[in-house]
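Here the structure comes first, spelled out in structure tokens, and everything after it is commentary.
Every read-out reported here was derived from the displayed coordinates using simple, explicitly stated rules and does not represent laboratory data. As the structure is a prediction and not an experimental result, all values here were calculated from the model. A quick note on method: Cβ atoms are made from the backbone with ideal geometry, for glycine too, and the neighbour counts reach across all protein chains shown.
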Amino acid sequence: MTISDTNKGVGSKEDHVPHAIDKKGLGEESLAPQETRIMDPWSYLFAWLGGCVSIGTFTIGSGLVGTLNLLQVFIAIAIGCTVIGFALMINGAAGHKYGIPMMVQVRSAFGFTGSRIPALVRSVPAIVWFGFQSWIGAGALNLVSETLFGYSNIVVFFIGFQFLQIFLSVLGFHGIKWLENIGSVFIIGSLVYMFVSVIGKYGDEISTNLVNVEGTWGAPFWGATMLFLGIYATMMLNVSDYSRELRRSVGRTRQVVIYANSILPATLFMGLIGLMVSGATGEVDPIRVFSNAVDNKLLLVITLLFIAFAQVTTNILNNVVPPAYALMDVFKLNYKTSAVLVGLLAFATFPWELVKDESAAGLNLFIQTYSAFLGPIFAILVVDYYVLRRQVLDLDKLYDETGDYKGFNPAALIAMVVGIAAALTFSSVSWYASLIPAGLTYYLLMRHLPAARRFLDG
């Protein structure tokens, strides 16, 4: 019996949406198309809000000192987050409609074997960010311990913090929902407090070094929009992993509003705090920044605990699920095993090197580089779903490993290479530069390349 057969006679608001395929329990994630939707609009907004408090955003803000003024950084963040909101809605439509994750969505464009390429491109940055943010969270806990008890050992806290996140991640989206709903409000409160504290303590320096400077509206400005966008460029690929959890009644316009209004506050606070503190003091390490900006011991402890908690919410939503689903697809593992492996792999990213002052420029280069790979894949998926397939997918073929989508689709691979070449040529705006070359090449090859014909027919 096929997937289509199991749905005959079952009512649905959308003709092509499978019904009652996968009713999961706690930690029982699956790649099968699912009908069970556990997130209402508010839960979804809070999940994204809590999941987007990235210390990497702080580091990017720090790296813009001397290039842009405060207003220009504010506008760059707003532009980047608006683009993100639309991009997430566009590429998340297939997951929201059909209940499929990214690893299934990409099969129509890349093929079953070829789908491992976008899986790898999405998983590597996720695991790197996982390790980076876990080290930051461990540093916050270590400073709390040092402040209260005089004990300092960041290695011990890093290992313990990582295993705590592994335990929480195996709970799956049910655990993510409640963790994010509870934590996001406190996280934003902490960021508001930090923002006000930084302005109060460094107001004169901020005015001199960031407000009363000319900055530029040229290429560095647009490069900055891409850096803030690039933090979430990974999520643009696997947004279907999340949108399949959102209730069907939430329309596309409302989805854009949810994405933009959840990502924008976290990005603004973290990016601007990083810019202001680094501009005033030259300090890049976020933990040292927090300890210097807050004079009250109790408030410092509370703030650091919130920052540590923010790393948990961000990692579990954004940096565990995508590579875990990739491991499930490639190696046929269950979700819990995959989540544990992702947590263990994060140990191998050497995050203690990434947080050094001299690593800020390297982190920006890392974002620009992986964005060069993410942009072409995003363009290919959008052209495939909207232009070539007119938003209609054949789920039976997407789950048939020996059918029309077996192997590699040469059109997708060639288009991806073309997009990467364009992105690397214009590295400061790599994500933007890759979209049209990759999307157009993919469309033309799918129409005219015989070897790609079976993917279009399918």
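With a 10 Å Cβ neighbour count serving as the proxy for reagent exposure, in which order, fewest first, do SER434, SER43 appear?
SER43, SER434
Between helix 360-382 and the chain, what is the angle of the helix's C-alpha long axis to the longest principal axis, kept within 0 to 90° and rounded to the nearest 10?
Value to nearest ten degrees: 20.
Starting from the 7 Å offset along Cα-to-Cβ, what nm value, one decimal, do you get for the label separation of LEU440 and SER207?
According to this spin-label approximation, the distance is 5.0 nm.
When the helices in the chain are scored as -39500 (n - 2.57) per DSSP H run of 4 or longer and the sum is shared across all residues, what 222 nm value do you end up with, to the nearest 500 deg cm²/dmol?
For the chain, the value works out to -22000 deg cm²/dmol.
Within the stretch 88-103, what residues put their amide N at less than 11 Å from the label point 7 Å along the Cα-to-Cβ vector of ARG252?
89-94
With a/c under 1.5 counting as rounded, go ahead and sort the stretch 151-204 into rounded, prolate or oblate using the C-alpha gyration tensor (a ≥ b ≥ c being the square roots of the eigenvalues; past the cut-off, prolate if a/b is larger than b/c, else oblate).
Because a/c hits 1.5 or more and a/b fails to exceed b/c, the stretch 151-204 counts as oblate.
Give me a comma-separated list of calculated 3J(HN,Hα) values for the stretch 228-235, in order, Karplus coefficients 6.51, -1.76, 1.60 applied at θ = phi - 60°, integers in Hz, x for any Gly or Pro.
5, 5, x, 4, 9, 4, 5, 5
Nearest 20 debye, what's the magnitude of the dipole of the stretch 381-458 about its Cα centre given +1 on Lys and Arg Cβ and -1 on Asp and Glu Cβ? List each step's numbers first, then the result.
Details: 7 positive and 7 negative charges, 50 e Å.
Result for the stretch 381-458 is approximately 240 debye, rounded to the nearest 20.
Evaluate the distance, in nm, between pseudo-label points positioned 7 Å from the Cα of THR67 and of SER152 along their respective Cα→Cβ axes.
In this crude label model, THR67 to SER152 measures out at 3.2 nm.
Quick one: grab the alpha carbon gyration tensor of the stretch 375-458, order the square roots of its eigenvalues as a ≥ b ≥ c, and give me rounded if a/c is under 1.5, else prolate or oblate depending on whether a/b is larger than b/c.
Prolate, since a/c reaches 1.5 and a/b exceeds b/c.
Would the stretch 46-457 count as rounded, prolate or oblate if I go by the C-alpha gyration tensor, calling it rounded below 1.5 in a/c and otherwise prolate when a/b exceeds b/c, oblate otherwise?
prolate
What is the distance in Å between the Cα centroid of the stretch 140-161 and that of the stretch 29-100?
That distance is 30 Å.
In debye, nearest 20, what is the charge dipole magnitude of the chain about its Cα centre with +1 on Lys and Arg Cβ and -1 on Asp and Glu Cβ, if you could check?
Rounded to the nearest 20 debye, it is 1020 debye.
Any idea how far apart ASN261 and PHE350 come out in nm if each label point goes 7 Å out from Cα toward Cβ?
4.4
With the dipole of the stretch 46-457 worked out from charges on the C-beta (+1 for Lys and Arg, -1 for Asp and Glu) around the Cα centre, which of VAL155, LEU227, GLY282 lies farthest toward the positive end?
Of the options given, the answer is LEU227.
Along its principal axes, what span do the Cα atoms of the stretch 69-123 show, with the longest given first and each in whole Å?
47, 25, 15
Along the charge dipole of the chain, which of MET103, LEU68, VAL128 sits closest to the positive end, that is, farthest toward it, with unit charges on the beta carbon of Lys, Arg, Asp and Glu (+1, +1, -1, -1)?
With unit charges placed on the Cβ atoms, the residue in question is MET103.
How far, in nm, would the chain grow between PHE167 and ARG288 when pulled straight, counting 0.36 nm per residue and subtracting the alpha carbon separation?
Stretched fully, the PHE167-ARG288 segment lengthens by 40.7 nm.
Any idea what the alpha-carbon Rg over 2.2 N^0.38 Å comes to for the stretch 81-213?
Against the compact-globule rule of thumb, the ratio is 1.45.
Provide the gained length on full extension for the span THR36 to GLU401, in nm with one decimal, where the gain is 0.36 nm per separating residue minus the Cα-Cα distance. The partial results should precede the final answer.
Values: separation 365, 0.36 × 365 = 131.40 nm, distance 2.47 nm.
Gain on stretching THR36 to GLU401: 128.9 nm.
Put +1 on the Cβ of every Lys and Arg and -1 on every Asp and Glu Cβ in the chain; which of VAL144, LEU424, THR441 then has its Cα farthest towards the positive end of the dipole?
The residue sitting farthest along the positive end of the dipole is THR441.
Past 25 Å, Cα to Cα, is the threshold; run LYS336/LYS406; LYS177/LYS406; LYS336/LYS397; LYS97/LYS397 against it and keep the listed order.
LYS336/LYS406; LYS177/LYS406; LYS336/LYS397
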